[in-house]
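Visitor: Shown below is the structure under consideration.
The values are calculated or read from the model by the stated rules, or taken from the named source; none is laboratory data. All figures in this text were calculated on a predicted structure; none of them were measured in a lab. Positions of Cβ are backbone-derived with ideal geometry, glycine not excepted, and every protein chain shown enters the neighbour counts. Ligands, DNA and RNA are stripped out before the accessible areas are found, and what is left, the full protein with its side chains, is counted by its heavy atoms. Shrake-Rupley method; radii C 1.70, N 1.55, O 1.52, S 1.80 Å.
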Amino acid sequence: FSSNTLKMLRGLAVTVLGLAASADAFQMGSSFVPRMSGPAATARKATMTGPVMAEDPVNCGINGFGRIGRLVARIMIKDPETKLLHVNAGSATPDYMAYQFKYDSIHGRFDGSVVVDGEDLVIDGQRIITTRARDPKDIGWDKTGVDYLCESTGVFLTAEKAQAHIDGGCKKVVFSAPAKDDSLTVVMGVNPEEYKGQTDFVSCASCTTNGLAPLVKCINDKFTIEEGLMTTIHAMTATQAVVDSSSRKDWRGGRAASGNIIPSSTGAAKAVAKVIPQVKGKLTGMAFRVPTIDVSVVDLTCKLGKETTYEEICAEVKRRADGDMKGVLGYCDEPLVSTDFESESISSTFDAEAGIMLNPTFVKLVAWYDNEWGYSTRVKDLMVHMAKVDAKVAK
């Protein structure tokens, strides 16, 4: 063979072997993910050799690798505006992190490459530093260049507790949960203008507040909400028990999530007032936890200040969904069910076929939301938004 032919054959062999390694099924006693050959990199620095990034992507980190942390990571990896540098995962080993990242019972296999290299992950060509520290001061955000941090452990949800992350080197912290103090709350598409760079700590509220607030904003802006009750029919979450267990705090909450409809409390409706002050004292709500794995739906029953028709309400929601609230508020007039909204990135999708009206000022409105993927997308969006605001403030 000629030298060129030999080179082509070697290249083909390498490609075939790489494909075989990435397609190997999980087997007991063997790693399910390919590993880098040779010694692990001595200088652990996040690098990017995969997808083309934006000119100035936001340097991001994640603390906590649970449901939200993993999905935020998936979203960041595919978004050119973000560069994921570092994940602190508590006790999870790199092998297990790769497994959790690659496979998901709802959102499917990750559409890309996942390789373990020593203590790090290489995802779509991008090296992600991983650590397993419990104390924020031991994580080392400053060493890996993290500027904006997604705090998704559920532990550091006050400015006082999260200050340790700032002391550790990151610039800003976004809570992927309601804050447990008076930290600023921002729901993208509803009150992003409230962030002016004035604080290091911002809460993205809860998944249900993100599922409700865009609809409330749309309706209140046009028709004025006098008072309302919200019910969320909410999918199971990891805080619940698979079979009957015990919960001194919430006896019903200790029952089997997999086989019951469980009434529960939620502060999501009241929390809407944090981002839409005009409805303060006008909304409250409750939840029913149901045995589905993902996707929830809000029922907003409210009294309006202006008389209207259901058709006019639908038209207004569609106008906003196609206009200034596009990507956050959606509109659907098809007879869909919960699984049709799995992995939907829109925060709140209004279901025109599901609502009803009693009279010109009393109406029940329904909106779907993927309480995992939609919310995780907004967490990422909030981090990018904050970085853009901070860049303007710094000029």
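Visitor: Could you work out the local net charge near I68, counting Lys and Arg as +1, Asp and Glu as -1, over the other residues with Cβ closer than 13 Å to its Cβ?
Guide: 0
Visitor: Excluding A213 itself, what net charge comes from residues whose Cβ is under 11 Å from its Cβ, given Lys and Arg +1 and Asp and Glu -1?
Guide: +3
Visitor: Return the carbon/sulfur percentage of the accessible area of the chain, one whole number, probe 1.4 Å, all protein chains in place.
Guide: 55
Visitor: Suppose we keep just the DSSP beta bridges with both residues in the chain; what percent of those would be antiparallel, to 5?
Guide: Just about 45 percent of them are antiparallel.
Visitor: Of C204, C332, C60, which is the most mobile in a GNM of the chain whose springs link Cα atoms less than 10 angstrom apart?
Guide: C332
Visitor: Turning to a different aspect of this structure: How much of the DSSP bridge set in the stretch 301-395 is antiparallel, in percent, rounded to the nearest 5?
Guide: In the stretch 301-395, DSSP labels about 60 percent of beta bridges as antiparallel.
Visitor: Scan the chain and note any complete DSSP helix (H) whose C-alpha atoms cover at least 20 Å along its axis and whose Kyte-Doolittle average is 0.0 or more.
Guide: In the chain, the long hydrophobic H runs are 3-23, 207-223.
Visitor: Please give the length that would be gained between K392 and D135 if that part of the chain were fully extended, namely 0.36 nm times their separation in residues minus their C-alpha to C-alpha distance (nm, one decimal).
Guide: Extra length from K392 to D135 when fully extended: 89.3 nm.
Visitor: Hey, in the GNM for the chain with a 10 angstrom Cα cutoff, which one of L84, L336, L71 fluctuates hardest?
Guide: Comparing L84, L336, L71 in the GNM, the peak value goes to L336.
Visitor: Under the definition of Cα pairs under 8 Å and six or more residues apart, what whole-number percent is the relative contact order of the stretch 69-223?
Guide: 16
Visitor: Can you pull out the chymotrypsin sites (Phe, Trp or Tyr not before Pro) in the stretch 91-169 whose DSSP state is coil and whose Cβ has at most 14 other Cβ atoms within 10 Å?
Guide: Y103
Visitor: Just checking my list (i) 23, 43, 18, 14, 2; (ii) 26, 53, 19, 2, 0; (iii) 29, 59, 12, 0 against P(r) over Cα pairs in 20 Å bins from 0, in percent computed from this structure; which label fits?
Guide: Evaluating P(r) over Cα pairs in 20 Å bins from 0, in percent on these atoms matches (ii).
Visitor: Right, here's the next one. Inverting the mean 1/r over all pairs of different Cα atoms, compute the Kirkwood radius of the stretch 291-395 and quote it in Å.
Guide: Result for the stretch 291-395 stands at 15.2 Å.
Visitor: Right, here's the next one. Given the pairs K161/K318; K249/K326; K102/K171; K143/K249; K102/K143, which are separated by over 32 angstrom at their Cα positions?
Guide: Among K161/K318; K249/K326; K102/K171; K143/K249; K102/K143, the Cα-Cα distance tops 32 Å for K161/K318; K249/K326; K143/K249.
Visitor: Can you tell me the dipole magnitude for the chain around its Cα centre, using point charges on the Cβ only (Lys, Arg +1; Asp, Glu -1), in Debye to the nearest 20?
Guide: Using Cβ point charges on Lys, Arg, Asp and Glu, the chain gives about 860 debye.
Visitor: Could I ask something else about it? Solvent-accessible area per residue for the chain at a 1.4 Å probe radius, Å²?
Guide: Computed with neighbouring chains in place, this is 49 Å² per residue.
Visitor: What is the distance in Å between the Cα centres of the stretch 81-111 and the stretch 266-288?
Guide: 33
Visitor: Projecting each Cα onto the charge dipole of the chain (Lys/Arg +1, Asp/Glu -1 at the beta carbon, about the Cα centre), which of G259, G285, T130 comes out farthest on the positive side?
Guide: T130
Visitor: Further question: Have a look at G112, G374, G69 and tell me which one the Gaussian network model of the chain (Cα, springs below 10 Å) gives the largest fluctuation.
Guide: G112
Visitor: At R0 = 41 Å, how high is the FRET efficiency between K196 and R319 if r is their beta carbon distance? Nearest 0.05 is fine.
Guide: Computed FRET efficiency for K196 and R319: 0.90.
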